[in-house]
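Notes follow the structure.
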Amino acid sequence: MRQPFQGRLRPPGDKSVSHRAALLAGAARGRSRLRNLAPGADVASTLRALEALGVRLERRDGLVEVESPGLDGWREPEDVIDCGNSGTTIRLLAGLLAGRPGLAILTGDASLRRRPMDRVAEPLRAMGARVDGREGGRFAPLALRGGPLRPLAWRSPVASAQVKSSILLAGLRAQGETVVREPARSRDHTERLFLWLGLPLAVDETPASGTAGEAAAGAPPPVRLAGPASPPPFELEVPGDPSSAFPWAVRAVLTPGSELEIEGVLLNPLRLGGYRLLERMGARLELVEEARVGGEPVGRIRLRASALHALEVRGEDVPAAVDELPLLAVAACAAEGESRFQGLGELRVKESDRVRAMARGLAAMGLPVEEEGDGWRVRGPARARSARVSSAGDHRVAMALAVAAWTLLAPGEAVELEGAESVAISDPDFFRRVGAG
Ligand code: S3P
């Protein structure tokens, strides 16, 4: 229940970095060694997809050895590739498959089959791949026939690392310079890994590189890749996942007397937006960078229980906090005053409609959360009461509702969480971690 906890947490390997490391190791000719890959079902989907393409994997405690003939040696898969629940698997893999001959059919579970795929189908087609799918390629199953690619200058309408990464991975097989622009900066793990592996990528940091209007609007610099290029095999120990640590961070901040130290965690600023928003609400936290791994800063985050005040979230805050917003809605329930979250449209096309699922779950617990446009209005502080709530099959919603129950329930009340098992998508050990329950 609301016992204070003093703890240390070493989160599991970062999911985003794990997908990219596995795919690049799979695209590299030779033997790569990956340690501390994310343990959940999503990265398992990426690994299984690579096996279906002729990449050999050996899994031994904490280590995955990848032996690949290289992207050009991948075989045409004999069957449909099931990407499970994983948007990163289907979108990034589509990018790699766009540049090699043969047919591949990519599908996933009911949630993945509802998520928008036109955001990658369109640019990959513009590069020369044949991409079809339900409703003209808007939804999986996607049927992809890859081949020789031309380079592309693409302006993505959404700030999405999955879209940007899919195009950059396709760009490895294009003859010439591929350029990706996005309206706001999304996580840059693909860029960092490419640079660390010596691939010919550049990020134009000079404001003169975009149009004057873009620079004035604070648009991020374009990312450029000079294709074709092949990644070399490599060894990498994946840093801890700040998103998997975030439930525990929020729990520590909301539980009086608690302190938490998160160790070995990825400190990429484009992944710390949730922590920064928590800090903006009054949370006491400290970040210490200790090392660089695979081009990424890694270190520790210390947090203490803190009194929180209300928060205003706008569209520009979203990309760096995109996976942390359900938990920030929980934090807002404990904060003094009215919080408003706006510009969360991208949360509606995640593993579930997270705007709706969180508003429903928290409201069922008697918490003052309302859906308002593409966001929420939360009037805190409030205590929760007994309820039966649903994760909507979404790991981040399941974790956020569990943290709401652990931190906001009035004494003697209990919450029943349907679909709690969906935590296994990113953290199968979620309910066994420090202070759970
Ligand atoms: C991810 C990017 C984000 C995030 C997802 C993982 C990635 O999605 O929500 O959990 O690894 O690239 P978008 O890029 O679609 O915003």
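The values are calculated or read from the model by the stated rules, or taken from the named source; none is laboratory data. Note that this is a predicted model, so its numbers are computed, not measured. Every residue, glycine among them, receives a Cβ derived from its backbone with ideal geometry; neighbour counts consider all protein chains shown. We work out accessible area using only protein heavy atoms, side chains counted, and drop any ligands, DNA or RNA first. Shrake-Rupley method; radii C 1.70, N 1.55, O 1.52, S 1.80 Å.
Output the residue which, of all residues in region 280-294 that are of a type in the set (A, V, I, L, M, F, W, C) and out of contact with any Ser or Thr (no Cβ under 7 Å at 6 or more places or on another chain), is least open to solvent (accessible area, probe 1.4 Å).
It comes out as 281.
On the basis of being open to solvent by 30 Å² or more (accessible area, probe 1.4 Å), over 15 Å from residue 247 (Cα atoms) and aliphatic (A, V, I, L, M), does residue 267 make the cut?
Criteria not met by residue 267.
Within 20 Å of the chain's Cα centre (by Cα) and away from the ligand (no atom under 16 Å from the Cβ): does that describe residue 107?
It is true that residue 107 is within 20 Å of the chain's Cα centre (by Cα) and away from the ligand (no atom under 16 Å from the Cβ).
Which of the following residues is open to solvent by 20 Å² or more (accessible area, probe 1.4 Å), at pLDDT 95 or above and more than 26 Å from residue 154 (Cβ to Cβ): 40, 62, 54?
54
If you take the residues of region 166-198 that are open to solvent by less than 10 Å² (accessible area, probe 1.4 Å) and assigned to a loop (DSSP other than H, G, I, E, B), which of them is nearest to the ligand (Cβ to nearest atom)?
Applying the filter and picking the extreme gives 186.
Looking at residue 277, is it of a type in the set (A, V, I, L, M, F, W, C) and either open to solvent by less than 20 Å² (accessible area, probe 1.4 Å) or part of a strand (DSSP E or B) (or both)?
Considered against the rule, which asks whether it is of a type in the set (A, V, I, L, M, F, W, C) and either open to solvent by less than 20 Å² (accessible area, probe 1.4 Å) or part of a strand (DSSP E or B) (or both), residue 277 comes out as yes.
Could you tell me which of the residues 392, 357, 400, 424 is open to solvent by 50 Å² or more (accessible area, probe 1.4 Å), closer than 18 Å to residue 111 by Cβ and in contact (Cβ under 8 Å) with a residue 40 or more places away in the chain?
392
Please go through region 129-150 and pick out each residue that is over 25 Å from the mean Cα position of the chain (by Cα) and either farther than 26 Å from residue 75 by Cβ or within 16 Å of the ligand (Cβ to nearest atom) (or both).
Selection gives 135, 136.
Of everything in region 308-320, what is farther than 19 Å from residue 408 by Cβ, away from the ligand (no atom under 13 Å from the Cβ) and in a loop (DSSP other than H, G, I, E, B)? Give them in sequence order.
Hit for region 308-320 is 314, nothing else.
Might you check whether a residue that is away from the ligand (no atom under 16 Å from the Cβ) and in contact with a strand residue (DSSP E or B) (Cβ under 9 Å, 6 or more places away or on another chain) occurs anywhere in region 41-48?
Yes, some residue in region 41-48 is away from the ligand (no atom under 16 Å from the Cβ) and in contact with a strand residue (DSSP E or B) (Cβ under 9 Å, 6 or more places away or on another chain).
How many of the residues in region 255-271 are β-branched (Val, Ile, Thr) and either in contact with a Cys (Cβ under 6 Å, 6 or more places away or on another chain) or assigned to a strand (DSSP E or B) (or both)?
Counting residues in region 255-271 that are β-branched (Val, Ile, Thr) and either in contact with a Cys (Cβ under 6 Å, 6 or more places away or on another chain) or assigned to a strand (DSSP E or B) (or both) gives 2.
Run down 202, 217 and say which single residue is at pLDDT below 95, assigned by TED's automatic domain parsing to the domain that holds residue 41 and of a type in the set (A, V, I, L, M, F, W, C).
Only one candidate qualifies: 217.
Given the conditions (1) touching a His at 6+ places or on another chain (Cβ under 7 Å); (2) under 30 Å from residue 40 (Cα atoms); (3) open to solvent by 50 Å² or more (accessible area, probe 1.4 Å), report the number of the one that residue 336 does not fulfil.
Just one mismatch for residue 336, condition (2).
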